[in-house]
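Notes to accompany the following structure.
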Amino acid sequence: MTSGVTSRRGASIVWRIATASLLVAILAVTLLFAASYATVERSTHEALAATVTTDLAGLIDIHASGGEAELLRRVADRRDVVNLEDGRRPHYLVARTNGRPIGGDLHVWPPLSAALSAEGYVTLPDRTPVYARAARLGPDLQLLVAREYAQDRATLKRLAQIFLGVGAAIIIAVALIAVLTARGLAKRIDRIQEGLRNAAEGYPAALESPSGPGDEIDELARQGGRLLARQANLVRLQKNMSDHVAHEIRTPLMHLDGRLAAALQERPEPGGTGALTRSRGDIRSIVAMLDSLLDIASNEGRRGDLAGLAELDLSALLGDLAALYEGSVEEAGLTLETAIEPGVTMLGERMQIVRLVSNLLDNAIKYVPAGGTVSLKLSQGPRIMVADDGPGIPFEDRGRIFERFARSAGQVSQPGHGLGLALARAIAQRHGLVLRLADSPRGACFMVEPEA
Amino acid sequence: MSSLNILYVEDDPLAASAVQALVGQGGDRLAWEQSGRAGLQRAAADQFDVIILDRMLPDLDGLSVVTRLRAAGVETPVLMLSALGRSENRIEGLDAGVDDYLAKPYEPQELIARVKALHRRASGKVHGAVIIYGALECHVKARTAFRAGRHIALSPREFELFRYFMENAGETVTREMLLRDVWNMNFDPQTNVVDVNIGRLRRKLEDGFTTPALETIWGAGYRLTACE
């Protein structure tokens, strides 16, 4: 029936919301990670610096009260008591100002100025990274206290791993929920869309879902369903009305025709020109006019309605039609030129398309004087052209020839109701085509082509 | 052809009596039912050659009758007779499973011609490679036509027309039947396109002969005669 029910994902609101929520989740997890990491990193750095500073301050006090010998003894003691309380192994260096070591486990003075009490991250000669602080204790004595911080790095790394794991889980969960929700919503909205599209194309449509949760979307579907039901009812009423009018007019005409036929049997009218015969002809003419009027209304009402249309081979159809009309054209002293491109198909109602083209051909045959040419052309589109080299349509009539009962002054001598072109245009519209009068150097040129 | 057994479902007594008189003239038998349900029961119970069904019936409309008949496996050809004669109405009828659709008012002769044609179609008569009727001969494979042994030059479409008349020799052929079967078209032309084509064929068949080959049946169509 219809195809392409799912809307393009890129253009779908539902999918945009799903993508946005996923992006928000990723952003939130990243920011949270960055903030936590920075905080933890800062606090571990502060703790490390404080430990080093406290240790250094203690040793400065010892030097102040006990002198150099006491300091060297205490430094050696501290080295012996391997302090692993927080995994920060200590290192010390007591040296002369020229850097010559006199105590502690280190032997090389790192690039830290004791005079400035500098502190910072340095690498020991054995490549161990430490946080160190230096101090000048006397004119020719300086002290360096350092702590390893590998444990702090490990803690931060673990923190990062936890964030990576939990963050990924959160993002996956959000993505999953977003996709499932989006898919569910998209499905429900697609259902409504499909229903509306079917209704617009004239097929039966259901918008409401019996298993819906009764939310806003269900309410939308319910109201849409009411509207469609109302519209379907109007269409049905209009059709019933047309059928009833046709029936109520045709039935008495049929009885009248029957009585005329019976009377004709009793008193035949040779030559078929008597009053009774002509009256029977009039009855048929009235019926034909009524049918045309109702057909115009019906075709206009079913504009854009695809129900009842089937794929038809327009090339073959016009070929058959040309063969049918060839005799009539020649009989009228005209020449029929055809240029029918093969393989042109369209979605249409066969009987109506035949009616459309035959009305145009009938018109040409009726108005083009003997010796003229009528041409029937078909190309992809579909684009149908019926042109002639007759008198053409007077300029002042061009605007109204497609109106019902429109007949120009020169045409009143010809039989007909002036409904042929109105019906042809209505049939074209019902098929999503337009019938128009094209510009031509001479004669009339009718074009049937897809709506722009 | 033997007489036909026809079922006629129509609620309008005036219309029914006209058809009854018409069918009686031809020697066929007509069973008349006045409502859709009665017609449906009758169609299922008895054997008919053709069913003529009015579309607008008081209880069960004609379209539903056909749908139910087809659903029940009854394949008797149905001609729908209706005051609804627009192409839209015809399409509805054909979609429901009707074999032919005739709009009121109609010519009595046309109704009879169509009923007979429906019966002929349903009995599926197969024609040989050469069809002979009176002095006329149609060589189907060679696509040639002869009258009294004299070759008649026909265009491809004229030959198709001639062949159709030969296959339905002696029977009345309506304009709609010709349109449907020869031109592959289902519509009711408002002009004399069909008659013009018949006229051309007739001239070729009768050129140089004294007796007519194609006869016009007023109000119904044409009939090929067993000419000399």
Failed item in (1) in contact with a Lys or Arg (Cβ under 7 Å, 6 or more places away or on another chain); (2) surrounded by 16 or more Cβ atoms within 10 Å (Cβ to Cβ); (3) not in a helix (DSSP H, G or I), with B:ASP59 passing the rest: (2)
Single residue of the range B:186-228 satisfying the filter (hydroxyl-bearing (Ser, Thr, Tyr) and in a loop (DSSP other than H, G, I, E, B)) that is nearest to the chain's Cα centre (by Cα): B:THR225
For A:LEU196: the one exception among (1) surrounded by 15 or more Cβ atoms within 10 Å (Cβ to Cβ); (2) free of Cβ contacts under 8 Å to residues at least 40 places away in the same chain; (3) closer than 18 Å to A:ARG302 by Cβ; (4) more than 18 Å from the chain's Cα centre (by Cα): (4)
Members of the range A:298-327 that are at the interface with chain B (Cβ under 10 Å from one of its Cβ atoms) and within 38 Å of the chain's Cα centre (by Cα): A:SER298, A:ASN299, A:ARG302, A:GLY308, A:ALA316, A:LEU317
Flag for B:GLU160 being more than 27 Å from A:SER285 (Cα to Cα), within 14 Å of chain A (Cβ to nearest Cβ) and part of a helix (DSSP H, G or I): yes
Considering residues of the range B:94-109 that are more than 12 Å from chain A (Cβ to nearest Cβ) and outside any loop (DSSP other than H, G, I, E, B) only, the residue farthest from the chain's Cα centre (by Cα): B:ALA96
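Each row is one residue, and each column tells you yes or no for (1) touching a residue at least 60 places away in the same chain (Cβ under 8 Å); (2) surrounded by 13 or more Cβ atoms within 10 Å (Cβ to Cβ); (3) of a type outside the set (D, E, K, R); (4) assigned by TED's automatic domain parsing to the domain that holds A:ARG430.
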{"residue": "A:ALA206", "(1), (2), (3), (4)": "no, yes, yes, no"}
{"residue": "A:ASN240", "(1), (2), (3), (4)": "no, no, yes, no"}
{"residue": "A:ASP243", "(1), (2), (3), (4)": "no, yes, no, no"}
{"residue": "A:PRO252", "(1), (2), (3), (4)": "no, no, yes, no"}
{"residue": "A:LEU264", "(1), (2), (3), (4)": "no, yes, yes, no"}
{"residue": "A:GLY272", "(1), (2), (3), (4)": "no, yes, yes, no"}
{"residue": "A:ILE283", "(1), (2), (3), (4)": "no, yes, yes, no"}
{"residue": "A:ALA288", "(1), (2), (3), (4)": "yes, yes, yes, no"}
{"residue": "A:LEU294", "(1), (2), (3), (4)": "no, yes, yes, no"}
Single residue of the range B:173-228 satisfying the filter (hydroxyl-bearing (Ser, Thr, Tyr) and more than 9 Å from chain A (Cβ to nearest Cβ)) that is farthest from B:PHE162 (Cα to Cα): B:THR210
Qualifying positions in the range A:141-166 - surrounded by 13 or more Cβ atoms within 10 Å (Cβ to Cβ) and among the β-branched types (Val, Ile, Thr): A:VAL145, A:THR155, A:VAL166
Those strands (runs of 3 or more DSSP E) lying entirely in the range A:297-402 with at least 1 residues closer than 26 Å to B:GLU88 by Cα: A:310-313, A:345-348, A:373-379, A:383-388
Test: A:ARG350 is in contact with a strand residue (DSSP E or B) (Cβ under 7 Å, 6 or more places away or on another chain) and surrounded by 14 or more Cβ atoms within 10 Å (Cβ to Cβ): yes
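The values are calculated or read from the model by the stated rules, or taken from the named source; none is laboratory data. Given the structure is predicted, the values throughout are model-derived calculations rather than measurements. Because the Cβ atoms are built from the backbone with ideal geometry, glycine has one as well, and the counts that use them run over all protein chains shown.
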